[in-house]
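Encoded as structure tokens, the structure appears first; notes follow it.
The values are calculated or read from the model by the stated rules, or taken from the named source; none is laboratory data. If you're wondering where the values come from, they're calculated on a predicted model, not measured in any experiment. Because the Cβ atoms are built from the backbone with ideal geometry, glycine has one as well, and the counts that use them run over all protein chains shown.
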Amino acid sequence: MAFFQGVLKAQESAPQVRIESIFYGRDVDVLRMMFSFYAPLAKEVRDVTANTRKMWKGGIFSFKPKFYDIDPLMKPDVVCNFGKLPDKNSSVDVLVYDPPHLPFRDTHRMTNDYGLKFSVKGADNIASLHPPFLAQAKRVLKRNGLIFAKIKDYVTSGTYQWNLWLFTDLCRKHGLTPCDLIIKRDAGGSLIDPRWKVAHHARNVHCYWVIVRKGKCTP
């Protein structure tokens with residue numbers, strides 16, 4: 001609680017510049033902006049889907065995040081699944097969560113094997129990934145702690161999958177509060193399927209950064 005009391009005092013001592021809800025740029029720049037605005041005094045930060053740590057490269061932060069990944073080849077600080085975090089109860093300020101953005105069925109021709117790792121082989125969506133993480137998030141986050149979740153909608157089997165709605169609905173069911181949203185404009189995807197003869201969906205060039213709080217929308 002002392003962490004967020006410090007945030008409130010910092011906000012009272014100087015006028016706060018509100019960030020905008022639409023962002024064009026790199027993930028590292030979005031992260032810098034979000035930490036500056038939502039969690040300027042965060043110290044205990046975990047990236048629970050670190051992989052190559054690409055989204056952190058080139059960024060300067062006031063804290064040193066701990067990197068978790070299920071793949072030991074990525075040389076994370078801790079080898080673990082985001083559905084079973086090693087942190088103590090109520091010990092973390094911010095969790096950064098960037099789950100796979102496509103179901104296994106649409107990536108089986110690639111080298112990505114997350115479907116085997118996370119037991120979503122053959123699925124049309126990635127719904128099964130979120131609940132184990134959210135249960136752990138509620139356990140390890142401090143009171144008013146935050147999740148910064150990178151979420152993307154996608155088209156699979158000819159159907160638009162509303163992953164943002166799914167994720168935020170699951171957050172509420174786990175007693176967590178989705179409280180803000182940043183829309184980031186990406187450079188654009190490169191997935192090409194020979195079955196696409198006529199396009200029925202716009203080219204998806206954006207993703208969402210969802211800010212979720214353990215507590216009410218504002219501390």
Name the residue that is modelled with the lowest pLDDT, counting only residues in the range 174-219 that are surrounded by 11 or more Cβ atoms within 10 Å (Cβ to Cβ) and charged (D, E, K, R). ASP186
For the range 32-64, name all the residues that are in contact with a Phe, Trp or Tyr (Cβ under 7 Å, 6 or more places away or on another chain) and within 26 Å of ASN89 (Cβ to Cβ). MET34, PHE35, LEU41, ALA42, LYS43, VAL45, ARG46, ASP47, VAL48, THR49, ALA50, PHE61
If you scan the range 51-72, which residues turn out to be modelled with pLDDT of 95 or more, hydrophobic (A, V, I, L, M, F, W, C) and not in a strand (DSSP E or B)? TRP56, PHE61, PHE63
So ALA149 clears everything in (1) crowded, with 20+ Cβ neighbours inside 10 Å; (2) of a type in the set (Gly, Ala, Ser); (3) modelled with pLDDT under 75 except one condition, right? Which one? (3)
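Residues are listed down the side, and each one gets a yes or a no for (1) among the polar types (S, T, N, Q); (2) at pLDDT 85 or above; (3) more than 22 Å from ALA202 (Cα to Cα); (4) surrounded by fewer than 17 Cβ atoms within 10 Å (Cβ to Cβ):
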residue	(1), (2), (3), (4)
PRO103	no, no, no, no
HIS108	no, no, yes, yes
VAL120	no, no, yes, no
PRO132	no, yes, yes, yes
GLN136	yes, yes, yes, no
GLY158	no, no, no, yes
GLN161	yes, no, no, no
LEU164	no, yes, no, no
CYS171	no, yes, yes, no
When you go through (1) of a type outside the set (Val, Ile, Thr); (2) in a loop (DSSP other than H, G, I, E, B); (3) within 22 Å of VAL210 (Cβ to Cβ) one by one for LYS88, which number turns out not to apply? (3)
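Among the residues of the range 27-82, write down those that are small (Gly, Ala, Ser) and over 13 Å from the mean Cα position of the chain (by Cα).
Of everything in the range 27-82, those that are small (Gly, Ala, Ser) and over 13 Å from the mean Cα position of the chain (by Cα) turn out to be SER36, ALA39, ALA42, GLY58, GLY59, SER62.
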Quick check on the range 15-50: of everything there that is part of a loop (DSSP other than H, G, I, E, B) and of a type in the set (A, V, I, L, M, F, W, C), which residue is nearest to VAL140 (Cα to Cα)? VAL48
